[in-house]
Number of protein chains: 2
Amino acid sequence: MTQNIPDLSKIEAAHKRISSFIHKTPVFTSSIINGIAGAEIFFKCENFQRVGAFKFRGACNAVLSLSEEERKKGVATHSSGNHAQGLALAAKLNNIPAYIVMPKNAPAVKKNAVLGYGAEVIDCEATLQSREDTLEHVVKEKGAYFVHPFNDYDIIAGQATASKELIEETGKLDVIMAPVGGGGLLSGTALTVNLLSPATKVVAGEPAGADDAYHSLKAGKIIPSTNPNTIADGLLTSLGTKTFEIISKYVDEIIMVSDEEIINAMRLVWERMKIVIEPSAAVPFAALLKEKEKFQGQRVGIIISGGNVDLGKLPF
Amino acid sequence: MTQNIPDLSKIEAAHKRISSFIHKTPVFTSSIINGIAGAEIFFKCENFQRVGAFKFRGACNAVLSLSEEERKKGVATHSSGNHAQGLALAAKLNNIPAYIVMPKNAPAVKKNAVLGYGAEVIDCEATLQSREDTLEHVVKEKGAYFVHPFNDYDIIAGQATASKELIEETGKLDVIMAPVGGGGLLSGTALTVNLLSPATKVVAGEPAGADDAYHSLKAGKIIPSTNPNTIADGLLTSLGTKTFEIISKYVDEIIMVSDEEIINAMRLVWERMKIVIEPSAAVPFAALLKEKEKFQGQRVGIIISGGNVDLGKLPF
């Protein structure tokens with residue numbers, strides 16, 4: 001387990017470690033989108049990553065960083081989202097057990113996805129208390145290693161590899177943008193940029209309905225969201241201690257966007273670029289469109305975080 | 001204007017001619033999709049082509065094949081679909097006028113797309129008679145060159161370049177599949193395969209609600225669809241004389257699929273591959289899934305014909 005903020009050697013080691021497991025996702029551009037935005041945008045398409053989201057990078061790095069002893073006992077987490085799937089697949093590929101604590105009322109499609117990767121699903125009540133208690137019980141009983149979805153340096157180092165690949169492909173960028181929920185992806189992105197391209201700005205998009213990062217950064221301390229509510233369901237979580245520290249140091253700006261702005265940006269990407277992205281993934285592009293004038297004529301990298309949507313419940 | 005069935009030199013010349021205008025679209029694979037299908041599938045993603053469909057290849061080749069004299073007077077067609085957009089953009093890029101005859105009741109979004117490429121839209125009634133009369137009038141008045149959407153050897157040679165790129169990228173394939181409507185893409189595909197990889201089979205998917213190619217091939221003569229009706233709205237047209245001749249010679253099989261099978265295949269591609277494809281583009285994959293046992297263990301190329309869908313009217 002990594003005990004300090006990852007430096008360049010840690011991020012490079014993470015990239016090497018996971019490289020035979022992950023997809024090196026493509027970078028897409030669109031002249032029509034560039035025309036609309038007035039900027040030259042490079043979309044790093046983690047919707048094409050395994051399990052359909054960047055989360056696989058961090059989960060994979062965390063699993064591969066365990067000792068032989070730890071591996072035998074397996075990994076555990078509580079999540080009904082992309083982290084659950086990412087961890088389940090990373091565990092499967094390494095032939096170790098995975099225990100995923102999920103609320104009883106989680107959609108069957110999400111449970112089935114995790115079961116499909118061979119993980120064990122453990123039901124809990126739909127409260128944070130029950131999730132944490134159930135996870136603690138599993139960790140005790142199985143001796144499994146708890147892989148936190150974002151407040152973990154191995155996770156952060158894994159997520160950092162997405163922007164590393166982006167920069168290596170595009171060369172110098174003026175800005176790199178990512179969404180922020182718990183802050184794993186944004187922390188990793190900010191570290192990479194600081195280490196590999198310090199002149200590049202790091203700007204995050206955050207849903208107005210879950211705007212703890214914006215307010216935490218302003219206040220200089222963590223102010224968790226209360227009753228977050230947004231269509232960007234991957235960004236409901238508040239920052240953790242580790243991600244807050246990194247984001248405070250290395251992120252230049254957080255732009256808040258409404259659900260309507262998120263849906264419009266998502267629709268534009270689907271229609272013009274012909275790729276399926278989830279609402280959370282549209283947040284940084286929505287932020288760019290909202291404050292267009294800041295990015296005029298610039299080279300902007302955007303991490304498209306994932307593409308897992310319920311096609312039966314689209315907002316258009 | 002090309003007067004004979006294109007040979008290899010014509011297809012190569014078309015490819016060279018259009019290469020600086022088109023996108024060299026990527027070939028996508030998915031281990032999950034392969035697992036479901038029991039075959040190794042290479043999707044040639046023409047949904048990422050300019051105007052969102054392969055149609056731009058043929059339109060571009062047709063425009064670039066005109067004489068200087070013809071160019072000055074411009075091009076015309078009747079279409080409210082991808083051919084209209086493809087021709088409008090090809091004309092714009094070559095600074096020549098384009099006249100697109102469209103039914104008055106065509107969706108505003110389709111008219112606006114064509115207007116956005118700088119073409120002139122000429123309204124007609126929503127009958128074939130009115131479309132043809134209006135087009136004839138435009139051709140006479142402006143002296144514009146009528147670019148047929150499929151029954152034209154320059155169009156066919158342009159469409160043939162999609163499978164040429166696919167084969168050049170993947171190497172030997174057991175089967176190549178494409179959808180069939182008017183037959184421009186299928187003819188081009190069949191010619192390429194016959195010329196570059198004659199041992200590869202050519203199999204088409206056709207909607208059961210517009211199944212003229214299936215019946216025409218069986219009968220040995222063109223039997224147009226009467227009142228075709230399918231969600232695959234790019235495939236409503238019946239074969240023309242030129243496409244029928246090529247398809248009769250070089251296509252091995254046509255598999256018919258229901259709208260339900262088309263929707264299921266389309267959904268699978270959206271969900272698993274995270275790309276937006278239109279119903280017509282899902283038809284060959286639906287055909288493969290329907291007759292899976294024929295393709296077990298084979299290397300199959302599928303042309304994904306386009307990605308233009310109305311997100312407000314999805315079938316899921």
Of the residues A:Met266, A:Met256, which is more than 14 Å from every other protein chain (Cβ to nearest Cβ), outside any loop (DSSP other than H, G, I, E, B) and of a type outside the set (Val, Ile, Thr)? A:Met256
Of all residues in region B:104-161, which are farther than 22 Å from B:Leu185 by Cβ, within 21 Å of the chain's Cα centre (by Cα) and in contact (Cβ under 8 Å) with a residue 60 or more places away in the chain? B:Pro107, B:Val109
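Only one of A:Thr200, A:Thr230 is more than 20 Å from A:Phe150 (Cβ to Cβ), polar (S, T, N, Q) and in contact with a helix residue (DSSP H, G or I) (Cβ under 6 Å, 6 or more places away or on another chain); which? Give the derivation first.
Working: A:Thr230 fails: more than 20 Å from A:Phe150 (Cβ to Cβ).
Testing whether each residue is more than 20 Å from A:Phe150 (Cβ to Cβ), polar (S, T, N, Q) and in contact with a helix residue (DSSP H, G or I) (Cβ under 6 Å, 6 or more places away or on another chain) leaves just A:Thr200.
Check region A:269-277 and report whether any residue there is away from every other protein chain (no Cβ under 14 Å) and within 21 Å of the chain's Cα centre (by Cα).
The first filter runs over region A:269-277 and keeps only residues away from every other protein chain (no Cβ under 14 Å), leaving none.
No, because not a single residue in region A:269-277 is away from every other protein chain (no Cβ under 14 Å) and within 21 Å of the chain's Cα centre (by Cα).
Regarding region A:172-193, can at least one residue be identified that is over 30 Å from A:Ile263 (Cα atoms) and modelled with pLDDT of 95 or more? Outline the logic, then answer.
From region A:172-193, those over 30 Å from A:Ile263 (Cα atoms) are none; that's our starting set.
No, that holds for no residue.
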crowded, with 22+ Cβ neighbours inside 10 Å and in a loop (DSSP other than H, G, I, E, B) - does that describe any residue in region A:103-116? no
Can you confirm whether region B:210-228 contains a residue that is in contact with a Pro (Cβ under 8 Å, 6 or more places away or on another chain) and closer than 23 Å to B:Ala14 by Cβ? no
Looking only at region A:92-103, count how many residues are modelled with pLDDT of 95 or more and touching a strand residue (DSSP E or B) at 6+ places or on another chain (Cβ under 6 Å). 4
Given the conditions (1) more than 10 Å from B:Val180 (Cβ to Cβ); (2) touching a residue at least 60 places away in the same chain (Cβ under 8 Å), and given that B:Lys218 satisfies all but one, which numbered condition is not satisfied? (2)
Qualifying positions in region A:1-53 - surrounded by 14 or more Cβ atoms within 10 Å (Cβ to Cβ) and among the charged types (D, E, K, R): A:Lys10, A:Glu12, A:Arg17, A:Glu40, A:Lys44, A:Glu46, A:Arg50
List pairs: first in region A:294-311 and within 14 Å of chain B (Cβ to nearest Cβ), second of a type in the set (Lys, Arg) and in a loop (DSSP other than H, G, I, E, B), Cβ under 7 Å, 6+ apart or cross-chain? A:Gly307/B:Lys274
Per the list (1) in the same structural domain as A:Cys124 (by TED's automatic domain parsing); (2) in contact with a strand residue (DSSP E or B) (Cβ under 8 Å, 6 or more places away or on another chain); (3) under 17 Å from A:Gly158 (Cβ atoms); (4) crowded, with 23+ Cβ neighbours inside 10 Å, residue check on A:Leu89 breaks on (2)
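Go over the candidates A:Phe48, A:Phe43, A:Phe21 one by one and state the one that is within 14 Å of chain B (Cβ to nearest Cβ), under 17 Å from the mean Cα position of the chain (by Cα) and either free of Cβ contacts under 8 Å to residues at least 60 places away in the same chain or under 22 Å from A:Val63 (Cβ atoms) (or both).
Numbers: A:Phe43 fails: either free of Cβ contacts under 8 Å to residues at least 60 places away in the same chain or under 22 Å from A:Val63 (Cβ atoms) (or both); A:Phe21 fails: under 17 Å from the mean Cα position of the chain (by Cα).
When all the criteria are applied, what remains is A:Phe48.
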Scanning region B:51-72 residue by residue, those in contact (Cβ under 8 Å) with a residue 60 or more places away in the chain, farther than 19 Å from B:Ala13 by Cβ and not aliphatic (A, V, I, L, M) turn out to be B:Gly52, B:Lys55
Determine whether region A:282-291 contains at least one residue that is touching a helix residue (DSSP H, G or I) at 6+ places or on another chain (Cβ under 8 Å), of a type outside the set (Phe, Trp, Tyr), within 14 Å of chain B (Cβ to nearest Cβ) and part of a helix (DSSP H, G or I). yes
Residue in region A:153-209 that is surrounded by the fewest Cβ atoms within 10 Å (Cβ to Cβ), counting only those that are more than 28 Å from A:Asn229 (Cα to Cα) and in contact with a Pro (Cβ under 7 Å, 6 or more places away or on another chain): A:Leu191
What is the number of the single condition among (1) closer than 30 Å to A:Val109 by Cβ; (2) out of contact with any Pro (no Cβ under 6 Å at 6 or more places or on another chain) that A:Ser31 does not meet? (1)
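Report, by residue number, each residue of region B:181-232 that is in a strand (DSSP E or B) and over 22 Å from B:Ala53 (Cα atoms). Steps first, please.
Going residue by residue through region B:181-232, those that are in a strand (DSSP E or B) are B:201-207.
Answer for region B:181-232, where residues must be in a strand (DSSP E or B) and over 22 Å from B:Ala53 (Cα atoms): just B:Lys201.
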For region B:66-78, which positions are outside any helix (DSSP H, G or I) and surrounded by fewer than 24 Cβ atoms within 10 Å (Cβ to Cβ)? B:Leu66, B:Ser67, B:Gly74
Considering residues that are out of contact with any Ser or Thr (no Cβ under 8 Å at 6 or more places or on another chain) and not in a loop (DSSP other than H, G, I, E, B), the number found within region A:1-18 is 5
Residues satisfying the stated conditions in region B:19-45, i.e. closer than 13 Å to B:Val269 by Cβ and in a loop (DSSP other than H, G, I, E, B): B:Thr29, B:Ser30
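The values are calculated or read from the model by the stated rules, or taken from the named source; none is laboratory data. Every value quoted in this text rests on a predicted model; they were computed, and no experiment measured them. When we count neighbours, we look across all protein chains shown, and the Cβ atoms used for this are built from the backbone with ideal geometry, even at glycine.
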